[in-house]
Each structure stands twice: as structure tokens, then as C-alpha cells.
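A short worksheet on the structure shown next.
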Amino acid sequence: MRNRFHRIVRFLGSMRFAIVLLAVLAAACAAASTLTQGQSYAWYAQRYGERTAAFIAALDLDDAFHSPWFIVLSAFLCLDLLLCNLVRVKALIRRTRMFAEPGHLLSLTPECSAWVRQPEKAFPHLNMGIPAQSETDGKSMLSAVRGRAGLWGAWVCHLGILLLILFFSLGQTLEKQYTVYGVLGQSMAVGSTGYIATIDDFRIDKSESGFVEQYTTRFTLRDANGATTAQSAQVSVNHPARLRGMKFFQNSTGWAAKASVTKNGEPLQSQWLCAGEYLEVSDKPGLTVLLSAVYPDYIFVPGAGPKSLSDSPVNPAYLYSVYYNGQLVGMNVLMQSEELTVDEYAVSFSEPSPYTLLQVKQNSFSLFALLGGLITAVGLLLALYVQPVRVWAVSGQDGLWRLFGENRKGGKLFAEAFAKAAEKAQISTPEDGKPNAED
Amino acid sequence: MLKIENTLFTAVMAVYFASMLLYFCFIAFKKDGFARFAVIAQAAGLALHTLALICRGIGAGRLPLTNQYEFATSFAWGLSLVSLVFILRFRFKALGAFAAPVTFLVIGYAAMQSKEVRELMPALRSGWLGLHVSTAIIAYGSFGVCFVLSLIFLLRARVQQGSFLDQHLPDREKLDAISYRASALGLLFLTFTILSGAIWAERAWGSYWSWDPKETWSLVTWIVYAAYLHLRLRRGWQGRAAAVFAVIGFICVMFTYIGVNTLLPGVHSYA
């Protein structure tokens with residue numbers, strides 16, 4: 001029973017299992033990237049047919065990266081990394097401790113060895129520094145090691161990936177996300193946080209050619225109950241702001257207009273509408289007006305439809321749709337001074353203004369995920385670029401020394417460097433009665 | 001400045017072409033002298049290429065790393081740089097005969113792209129752009145060299161023993177070791193690319209990772225090379241199998257670079 005458990009643990013933490021998982025994950029990612037994600041069943045059915053759409057829905061391929069099977073695969077990868085690290089840690093500590101021990105070196109039979117006369121000359125040629133002298137089993141010994149940290153490269157890299165996946169997943173699961181959007185001077189609640197954000201300033205910087213260079217919003221955050229003092233901050237693209245444990249990002253912008261409703265000529269309601277938003281007439285349940293688009297400098301191009309010549313509100317027009325009890329009853333473009341009349345109600349739009357949209361996030365794990373990423377990079381650096389090398393020489397007869405070198409990551413390149421270093425240390429000739437080169 | 005860059009770009013293409021011809025002559029006429037001149041020509045081409053990129057940067061008023069043309073010419077620069085470093089570091093001039101055509105193909109692809117200098121959208125106006133794209137250039141360049149080395153490895157068995165080429169190509173064991181170095185360099189820089197991109201994405205869009213096709217394919221490429229480096233540790237997976245894997249890895253690199261931009265729209269569509 002215990003043996004079986006050990007076998008299962010070894011398999012789950014094995015490189016073979018890791019490679020299979022990596023191959024499956026890579027194939028899954030590649031396949032999922034070719035399919036547009038996050039669309040409705042109807043969208044897939046129209047594009048690929050009913051049968052394919054059913055297949056996509058059954059396997060959650062429309063949201064592949066958050067599907068149960070993808071999460072299970074990632075969890076297995078985490079388990080593999082964890083077990084692999086746990087299984088190896090003891091041996092790694094032992095190997096690190098014994099890495100430079102002369103007694104241990106004597107028990108090794110590395111691939112690179114040569115008989116030499118002046119072993120101390122070989123060390124600098126292998127970038128080994130000054131070798132330590134010792135007496136072991138009655139034999140004189142010279143030894144030097146470098147790159148011991150490289151032994152831990154894969155282990156550190158695995159740890160980093162594990163932390164990265166773990167904290168990224170936790171962040172994605174527990175993250176709270178809100179959007180705040182409005183025009184200058186408008187105040188709005190920041191989701192369910194109990195805070196209210198007021199847009200103090202919104203600026204669009206443009207180059208001489210009119211190309212947008214930056215969007216900048218200045219806002220003030222207040223406690224809805226007035227319990228804490230208000231705080232102001234400025235956000236722009238690539239420059240988020242952190243306030244009260246929340247991170248604010250400049251996300252997007254668009255056009256908004258003030259929608260006013262009158263009933264029999266008397267003002268009924270007035271509110272800001274961003275393009276894409278609905279106005280529900282308070283006095284008439286079921287009557288809804290959608291502000292589809294705002295054209296600050298309106299022109300109608302035959303064949304192309306309504307357009308805006310510039311971003312200056314010199315000739316504003318508003319594309320709207322009217323719904324009654326969910327049914328579309330009208331759709332047209334309304335100019336600035338015009339009114340849309342439905343029975344005794346009249347709707348008009350005015351004050352076209354750009355609105356700003358801020359994304360607000362509360363994620364306590366993002367920094368830890370980043371830390372995981374950095375640990376991964378350090379681990380890779382250690383694994384790929386810090387080569388654990390040991391070179392030692394043991395005295396033999398007739399003033400000859402047996403020179404040894406070990407670099408498991410060096411392969412043929414280290415073997416060549418070793419041979420050159422041995423040459424500098426005066427490889428013995430056949431007349432010495434010993435082998436004359438690497439053997 | 002952009003006119004100078006245009007002239008320099010044409011000169012770079014001509015010099016790389018000359019370098020490629022010289023490498024071919026080195027193999028065809030079996031004379032070491034051609035290889036010496038080919039390396040000199042490649043170094044000169046690289047110097048001109050660097051100058052052209054600097055001119056482009058000054059002319060555009062920003063780092064020249066933001067559209068298909070700029071990335072393609074920078075990719076060719078990365079390939080040329082990494083291959084030259086490997087040629088000199090491992091005294092492996094014959095590598096040039098295989099790497100130069102790949103470099104020439106990439107710079108040829110650059111020549112087919114629009115050279116128009118466009119203004120940058122706000123999200124691209126970040127200090128992270130330089131780190132993110134320059135590490136990608138070195139990563140792609142290294143994977144390109146790894147690909148070339150793997151092809152040489154696969155062809156090595158067919159080279160007649162004692163022939164001129166046989167004398168100028170390292171044995172398969174050494175080729176495998178050099179190929180490992182190239183892929184290791186590529187994987188390390190690809191890791192920096194992904195990390196810097198994730199940090200930048202968090203600052204610009206509020207999320208480290210959003211499974212955009214470019215991100216996804218960079219991850220696929222990373223996984224393929226990570227698997228390649230793991231496989232090499234297993235008996236029976238060194239040598240030929242590893243070389244085949246490295247070739248597959250480079251196909252992923254090319255798809256991440258060209259395929260994703262043209263076939264799978266996402267937040268990297270401008271690149």
C-alpha cells in the first residue's frame with residue numbers, strides 16, 4: 001500500500017508526467033487561441049453550425065482558459081511541480097553540502113580526466129580560481145568548485161512557477177472589479193465599496209496632427225458616509241493610481257450627452273447618458289430610449305452612414321433607438337435642437353461631452369504573482385547560466401597528478417575546455433607510462 | 001533622418017546578401033578566405049543595421065519597435081547579432097552559411113512591410129516597450145540560431161566524412177551543446193519578454209494576463225522550449241529528437257510573430 005502510494009507520488013512529481021502535461025497544455029492553449037472566446041451559443045451556431053456549437057458548449061471551449069478541464073490540467077501541473085520539488089529537496093541539500101567535500105570528490109568518476117604534471121595551471125584556464133589543498137586517504141588533493149547555486153536553478157524555477165500560478169489564480173478568483181464612468185463634475189458610486197468618485201478633470205492630449213497621445217483623469221474619492229477625508233488622484237494610460245486599497249486604471253473614453261425628458265412641456269427628468277446607455281422614462285414604465293452614438297461634428301455620408309468630421313462639438317447629432325416593452329419602435333438621428341416625441345413625452349439631447357471610464361480593481365495577490373514571475377526568472381538564470389563545476393586533482397606516482405572535471409550542464413563544450421586546460425597543465429606523455437590524454 | 005534610414009536599410013540588405021553569397025562561396029569553393037570575408041561582411045552589415053535602427057528611432061522620435069516593419073527589421077538584427085556571437089564564440093564559421101539565409105529572409109519580409117511612421121497609441125507610450133520588445137528580439141534571434149543549429153544537426157549525418165564541410169562542422173555532440181546554449185538564451189529572454197509584458201499590461205489595462213492570442217502563443221512557445229530543455233535530460237531524447245523539437249519550437253516562434261498578427265486579432269494587432 002505504502003509502495004503504491006510512493007509510486008503514485010513519484011509519478012505525479014515526475015518529469016515524464018510534467019512533459020505530458022506541458023504538451024497537453026500547449027496544445028490546448030494553441031487550439032483555444034484559434035477560437036474566438038467569450039461569445040454566445042447563438043454566435044457559434046451561426047458561424048460554425050449547430051453541431052459544432054454544441055461541441056464547443058459541451059467542452060466549455062468558448063471560455064477555454066477558465067473551463068474545468070483547463071483548471072484541472074493547471075492544478076495537476078502545480079501538483080507535479082510541488083511534488084517534484086518536495087521529492088528533490090533532500091537530495092539537493094545533500095548535494096550542495098557535499099559539492100566541494102574532498103572525500104566525496106574522490107568517490108566520483110567524472111567523464112573528464114587526464115594525467116598532468118602541473119595541475120594548478122589547469123584551474124585558472126577553467127575559471128576556477130585558486131584551488132584548496134587537502135590530504136585525503138593519504139593522497140594530496142587540489143580542488144575548486146564554482147556555480148553551486150546553479151544546482152538550485154530548476155528547483156527555484158519550479159517554485160516560482162508554482163507561486164505564479166497559485167497567486168494568479170487566487171487573484172483572478174477573489175479579485176473585485178468595478179467600472180466608474182462619467183463626464184466632468186459627475187459623481188458615481190465605486191461598486192459596492194461605499195466610496196463615491198467625482199470626476200474633477202478629464203483631458204485628452206493630442207499631437208499636432210490630432211492623434212491622441214494620452215487620456216488623463218483627475219478624480220476625488222469620498223467615503224459615502226463622510227467617515228474619512230476625501231482623496232484625489234490622477235490616472236492616465238500606463239499610470240494607474242492606488243487609493244484606499246483600490247487600483248484605478250484609465251481604461252477608455254467615449255461620448256456622452258445630457259438627456260432631458262419633458263411631459264406635456266413640463267420637465268420630467270434629466271440625466272447624463274454615455275453612448276450605449278439606456279434612459280428609462282420614469283413616468284412611463286416600459287418606455288426606454290437608447291443613446292447608440294454621439295456625433296459631435298455630424299455629417300451623413302451616403303453609403304457609409306452617419307459620421308463625425310471632427311471631435312469638436314460644432315454640429316452635434318445623436319443616434320437613438322426607442323423601445324416600448326422591449327420592442328424596437330423607432331430609430332433615427334436627432335440633431336441638437338430637435339426633440340423625439342412619444343405620446344405626451346419629448347426627449348432631447350444636449351451638451352455632448354467626452355466621458356472617461358476608469359477601471360477599479362481590488363486584488364491583494366497581484367504582487368505575489370509578480371514575485372512568482374521574478375522567482376521563475378531567477379531560477380531560469382541559475383538553471384541555464386550558472387553551471388555547477390568542480391575540478392580537482394589527486395596526486396599519483398612519479399610526480400603525476402590525475403586531474404578531474406565535472407560539469408553536467410557543459411557537455412561537449414566543457415569537455416573541450418577541460419582538454420585545453422589539461423594541456424596547459426602539461427599532459428603526461430606516453431613515456432611516463434601513463435595514459436596521455438583524456439581517458 | 002528617415003531618408004537616411006531608408007538608404008541604410010537598402011545598404012544593409014545588400015551587405016547581408018553579399019555576406020550570404022560569401023558564406024555560400026566558402027562552402028561551394030572550399031576556401032576559408034571566403035568565410036573570413038563573409039564574417040567581416042556580416043559584422044559590417046550588423047553595424048550598418050544598428051545605425052539604420054538608430055536613425056529610424058531618431059526620425060520617428062521613439063524606439064523603432066512598434067509595427068511590423070520595425071519589429072521585422074529588429075528581428076533580423078537580433079538574428080544577425082546572435083548568429084555572429086555564436087560564430088565568433090564557438091569559431092563556427094559554417095554556421096553563417098545556414099543562418100545568413102534566414103536573416104536575409106526576415107529582412108526581406110521587413111522590406112515588404114509599410115515603412116510609414118505612425119504615431120503611438122497611448123498604451124504604447126511606455127518605458128516598458130523598450131524592455132518588452134528588445135528582449136523579444138534577442139529571444140527570437142536566439143531561437144532562430146537554435147533552429148539553424150538543429151537543422152545542421154539533422155543534416156550532419158549526411159555530410160561525407162573527411163569532406164570540407166565535415167571538417168568545418170562541429171560533431172553532433174558539440175552541435176547539440178551549442179544548440180542548447182542558443183535555446184537557453186532564447187528561453188531566458190522569452191521569460192523576460194513575457195514578464196515585462198505582463199507588468200506592462202497590468203499598468204496599462206489592469207491585468208497581467210488576459211489570454212490574448214499573442215500572450216497565449218508566447219506561452220505555447222515558452223512551454224515548447226521548456227519541454228525541449230527537460231527532454232534533453234532524458235535518455236533517448238538528446239540529439240535527433242531534441243533537434244526535431246527545436247525545429248517545432250521555431251515554427252511556434254514564427255507563428256507567434258507572423259501568424260498571430262495576421263490570423264488572430266488581439267491587443268497586439270498593431271505589432
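For the condition open to solvent by 50 Å² or more (accessible area, probe 1.4 Å) and at pLDDT 95 or above, what is the one hit in B:A28, B:A43, B:A47?
Numbers: B:A28 fails: at pLDDT 95 or above; B:A43 fails: open to solvent by 50 Å² or more (accessible area, probe 1.4 Å).
It is B:A47.
This table checks each residue for (1) modelled with pLDDT under 90; (2) within 28 Å of A:V180 (Cβ to Cβ); (3) open to solvent by 60 Å² or more (accessible area, probe 1.4 Å).
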residue	(1), (2), (3)
A:R242	no, yes, yes
A:K247	no, yes, no
A:G276	no, yes, no
A:D283	yes, no, yes
A:V294	no, yes, no
A:G305	yes, no, no
A:P316	no, yes, no
A:S321	no, yes, no
Original post:
What are the pairs, 6+ residues apart or on separate chains, where a residue within segment B:63-86 that is without any contact (Cβ under 8 Å) to a residue 12 or more places away in the chain and farther than 15 Å from B:E5 by Cα has its Cβ under 9 Å from a residue that is open to solvent by 20 Å² or more (accessible area, probe 1.4 Å) and part of a loop (DSSP other than H, G, I, E, B)?
Top reply: none
Original post:
How many residues are open to solvent by less than 30 Å² (accessible area, probe 1.4 Å) and under 20 Å from B:A76 (Cα atoms) when one looks only at segment B:153-188?
Top reply: 7
**OP:** Exactly one condition in (1) surrounded by fewer than 23 Cβ atoms within 10 Å (Cβ to Cβ); (2) part of a helix (DSSP H, G or I); (3) touching a Phe, Trp or Tyr at 6+ places or on another chain (Cβ under 6 Å); (4) without any contact (Cβ under 8 Å) to a residue 60 or more places away in the chain is not met by B:W200; state its number.
**Re:** (4)
Original post:
Can you tell me which of A:S67, A:S14 is modelled with pLDDT of 90 or more and among the small types (G, A, S)?
Top reply: A:S67
**OP:** State whether the residues of segment A:3-26 include one that is surrounded by 16 or more Cβ atoms within 10 Å (Cβ to Cβ), closer than 30 Å to B:F245 by Cβ and more than 14 Å from chain B (Cβ to nearest Cβ).
**Re:** yes
Original post:
Does segment B:110-141 hold any residues that are surrounded by fewer than 16 Cβ atoms within 10 Å (Cβ to Cβ), free of Cβ contacts under 8 Å to residues at least 60 places away in the same chain and within 14 Å of chain A (Cβ to nearest Cβ), and which are they?
Top reply: B:E116, B:R118, B:G127
**OP:** State all residues of segment B:154-180 that are under 14 Å from B:K30 (Cα atoms) and within 14 Å of chain A (Cβ to nearest Cβ); if no residue qualifies, say none.
**Re:** B:L169
Original post:
Of all residues in segment A:193-207 being assigned to a strand (DSSP E or B) and without any contact (Cβ under 8 Å) to a residue 12 or more places away in the chain, which is most open to solvent (accessible area, probe 1.4 Å)?
Top reply: A:K206
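The rows are residues; the columns are (1) under 18 Å from B:Y69 (Cα atoms); (2) not basic (K, R).
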residue: B:A111; (1), (2): yes, yes
residue: B:E119; (1), (2): yes, yes
residue: B:P122; (1), (2): no, yes
residue: B:R125; (1), (2): no, no
residue: B:H132; (1), (2): yes, yes
residue: B:R158; (1), (2): no, no
residue: B:P170; (1), (2): no, yes
residue: B:A177; (1), (2): no, yes
residue: B:S183; (1), (2): no, yes
Subject >> Out of B:T191, B:T256, B:T221, B:T216, sole residue that is facing chain A (nearest Cβ under 8 Å), within 30 Å of B:F153 (Cα to Cα), within 17 Å of the chain's Cα centre (by Cα) and surrounded by 21 or more Cβ atoms within 10 Å (Cβ to Cβ) >> reply: B:T191
Subject >> Of all residues in segment A:409-431 being in a loop (DSSP other than H, G, I, E, B) and touching a helix residue (DSSP H, G or I) at 6+ places or on another chain (Cβ under 9 Å), the one that is most open to solvent (accessible area, probe 1.4 Å) >> reply: A:Q426
Original post:
Does A:T36 qualify as being over 30 Å from A:H6 (Cα atoms) and either out of contact with any Gly (no Cβ under 7 Å at 6 or more places or on another chain) or within 14 Å of chain B (Cβ to nearest Cβ) (or both)?
Top reply: yes
Original post:
Has segment A:333-345 got at least one residue that is among the hydrophobic types (A, V, I, L, M, F, W, C) and either within 14 Å of chain B (Cβ to nearest Cβ) or loosely packed, with under 15 Cβ neighbours inside 10 Å (or both)?
Top reply: yes
**OP:** Among the residues of segment B:203-212, count how many are within 20 Å of A:V180 (Cα to Cα) and either more than 7 Å from chain A (Cβ to nearest Cβ) or surrounded by fewer than 21 Cβ atoms within 10 Å (Cβ to Cβ) (or both).
**Re:** 3
**OP:** Spot the failing condition for A:W152; the list is (1) within 14 Å of chain B (Cβ to nearest Cβ); (2) out of contact with any Gly (no Cβ under 7 Å at 6 or more places or on another chain); (3) open to solvent by 40 Å² or more (accessible area, probe 1.4 Å); (4) under 30 Å from A:N407 (Cβ atoms), and only one is missed.
**Re:** (1)
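Rundown of residues vs (1) within 14 Å of A:C112 (Cβ to Cβ); (2) among the hydrophobic types (A, V, I, L, M, F, W, C); (3) in contact with a strand residue (DSSP E or B) (Cβ under 7 Å, 6 or more places away or on another chain), yes/no style:
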site: A:I375; (1), (2), (3): no, yes, no
site: A:L382; (1), (2), (3): no, yes, no
site: A:A393; (1), (2), (3): yes, yes, yes
site: A:D398; (1), (2), (3): no, no, no
site: A:R402; (1), (2), (3): yes, no, yes
site: A:A415; (1), (2), (3): yes, yes, yes
Original post:
In segment A:182-192, is there at least one residue being of a type outside the set (A, V, I, L, M, F, W, C), over 23 Å from A:L273 (Cα atoms) and either open to solvent by less than 40 Å² (accessible area, probe 1.4 Å) or touching a helix residue (DSSP H, G or I) at 6+ places or on another chain (Cβ under 6 Å) (or both)?
Top reply: no
Original post:
Say we look at segment A:47-75 and pick out the residues that are away from chain B (no Cβ under 14 Å) and closer than 22 Å to A:A26 by Cβ; which of these is farthest from the chain's Cα centre (by Cα)?
Top reply: A:F55
Subject >> Number of positions in segment A:334-389 that are farther than 30 Å from B:W222 by Cα and among the aliphatic types (A, V, I, L, M) >> reply: 9
**OP:** Scan segment A:383-408 for residues that are within 14 Å of another protein chain (Cβ to nearest Cβ) and either at pLDDT below 80 or surrounded by fewer than 20 Cβ atoms within 10 Å (Cβ to Cβ) (or both) and report the count.
**Re:** 4
**OP:** For segment B:103-125, indicate whether the set of residues that are among the aliphatic types (A, V, I, L, M) and in contact with a Gly (Cβ under 6 Å, 6 or more places away or on another chain) is non-empty.
**Re:** no
Subject >> Hits in segment A:350-368 (condition: in a strand (DSSP E or B) and either open to solvent by 40 Å² or more (accessible area, probe 1.4 Å) or within 13 Å of another protein chain (Cβ to nearest Cβ) (or both)) >> reply: A:E351, A:P354, A:T356, A:L357, A:L358, A:Q359, A:V360, A:K361, A:Q362
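Grab the helices (runs of 4 or more DSSP H) fully contained in segment A:37-144, keeping just those with 1 or more residues being touching a Ser or Thr at 6+ places or on another chain (Cβ under 8 Å) and surrounded by 14 or more Cβ atoms within 10 Å (Cβ to Cβ).
Once the helices (runs of 4 or more DSSP H) in segment A:37-144 are filtered for at least 1 residues that are touching a Ser or Thr at 6+ places or on another chain (Cβ under 8 Å) and surrounded by 14 or more Cβ atoms within 10 Å (Cβ to Cβ), what remains is A:41-48, A:68-98, A:102-106.
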**OP:** Please verify whether segment A:228-243 includes one or more residues that are in contact with a Gly (Cβ under 9 Å, 6 or more places away or on another chain) and in contact (Cβ under 8 Å) with a residue 24 or more places away in the chain.
**Re:** no
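The values are calculated or read from the model by the stated rules, or taken from the named source; none is laboratory data. A quick note: this is a predicted structure, and the numbers were derived from the prediction, not measured. Every residue, glycine as well, gets a Cβ built from its backbone with ideal geometry; the counts of neighbours run over all protein chains shown. For accessibility, only protein heavy atoms count, side chains too; no ligands or nucleic acids. Shrake-Rupley method; radii C 1.70, N 1.55, O 1.52, S 1.80 Å.
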